[in-house]
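To start, the structure under review is shown below, and the notes come after it.
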Amino acid sequence: MSFGPLVSAEALKAMTDPVRILDARPGTEFYAAGHFPGALHADLDLRLSAASEPGFDPARGGRHPLPALTTWTAQLGAWGIGPATRVVAYDAASGGNAAGRLWWMLRAVGHQRVAVLDGGLQAAQAAGLALTTAPPTPVAALAPYPCDAWRRPTVSIEAVEQLLQDPAWKVLDVRSRERWRGEVEPLDPVAGRIPGTVNLPYADNLDATGRFKTPAALRKQYLELLGGTRPEHLAVHCGSGVTACHSLLALELAGLQGASLYVGSFSEWCRGGRPLGQG
C-alpha cells in the first residue's frame, strides 16, 4: 500500500504499523521542550545539512548545503531507517522548516515510504496527539542506507546562470514576495533576488488551516506558473534550499514531478558578487 507524501494527524494517531517519526524542527530547544513520543530529532544544521561541518562556507553551497551522501546514508542507518521503514516527518511550520527538506532528502536516496505530517505539530496537537519531554528509546541501528547516488535532480549555481538564459526553463524563487522584491532580507547579507526568476511563495501551497491545498488546486496553481514550461524544466530555490523542498513536495502532490532543486539558493548567489534583481 502506498504511503505519503502526506499523512494527516488523524491517520497518524490511528496508525498501528511501526513508523519512525522524525522531528525536523531546527534547534534543540523546541525538541527538548516537547516532542512526539519516540520521535528522533532531525536537526537542520546537524543532520539535514553540512552547516555544522568544519570549513562550512555559505558562499560555496549556501547556508544549508547537502551533507555528503555517505554521511546521510549513515545517518539514516543510525536512525534505524532502511528501505522498508515507514517514516513520518513533522515540524511546526506546516512542512516548511524542515520536514519538507527531510522528505526530499529521503526521496533523493530512493526511499519511498516517507510522509510529511500535514499541518505539522499544530494539527497533531489539535487531533489530540500528546507531546513528551522524555528522551526516545534508543533505536537499533542498521547498516547505511543502500544508495550510491542522489536520485533527485539538483542544479549548481553555474547551471542556474545558464538556465536563466534558456527560454525553455524557468527558475522559481519560493521566498516571500517581499524578499523576492528585495524589500526585506532577514537572513542573508544582501536583499534582492536572482535576476530573471519567477516568484511563488511556498506559503501559497497551503490553505487557511495551514494544510496543503488539494492536488487539483496545486496543479492549477503550478500549471499557471509554468505557462507551458515542462515541470522537468523548472529549477526551484529559496534562501538556502529548505523551503524550496516544500514546493517540490507540492509539485509532486500536483502530479508535476521532475523539477530540480538549487540547494545553494539565494544565500549562495548573493555572496558571490553576481548581479541582483530588485523591485
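A short reminder: the numbers here are calculations on the coordinates, not readings from a lab. Source: prediction; values computed, not measured. Cβ sites come from the backbone with ideal geometry, for glycine too, and all protein chains shown count toward neighbours.
Is there a quick way to get the dipole size of the chain? I mean about its Cα centre, with the Cβ of Lys and Arg at +1 and of Asp and Glu at -1; what is the value in debye to the nearest 20?
Numbers: 25 positive and 25 negative charges, 83 e Å.
Dipole size: approximately 400 debye.
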Task: Normalised per residue, the volume of the convex hull around the Cα set of the chain (Å³) - done: 134 Å³
Task: Sequence-distant residues sharing a close amide H with Asp45 (under 5 Å, placed H) - done: Gly27
Task: Simple spin-label estimate for Gln165 and Leu69 in nanometres, 7 Å along Cα-Cβ - done: 2.9 nm
TODO: Excluding residues fewer than 8 places away in the same chain, name every one of the aspartates and glutamates whose C-alpha is closer than 14 Å to that of Lys213.
DONE: Asp118, Asp204, Glu252
TODO: With N denoting the number of residues in region 6-126, provide Rg(C-alpha) divided by 2.2 N^0.38 Å, to two decimal places.
DONE: 1.03
- [ ] Read phi for every residue in region 181-198 and hand back ³J(HN,Hα) as whole Hz from Karplus 6.51 cos²θ - 1.76 cosθ + 1.60, θ = phi - 60°, with x for Gly and Pro.
- [x] 6, x, 7, 9, 8, x, 10, 10, x, 9, 8, x, 8, 6, x, x, 7, 10
Open item on the list: What would the Debye equation give as log₁₀ I(q)/I(0) for region 157-269 at q = 0.14, 0.22 Å⁻¹, counting only Cα atoms as equal point scatterers?
Closed with: -0.52, -1.25
Task: Those lysines that a straight Cα-Cα span of less than 18 Å connects to Lys170, excepting residues fewer than 8 apart in one chain - done: Lys220
TODO: Averaging sequence separations of C-alpha pairs under 8 Å and six or more residues apart, then dividing by the length of region 88-243, give the relative contact order as a whole percent.
DONE: 26 percent
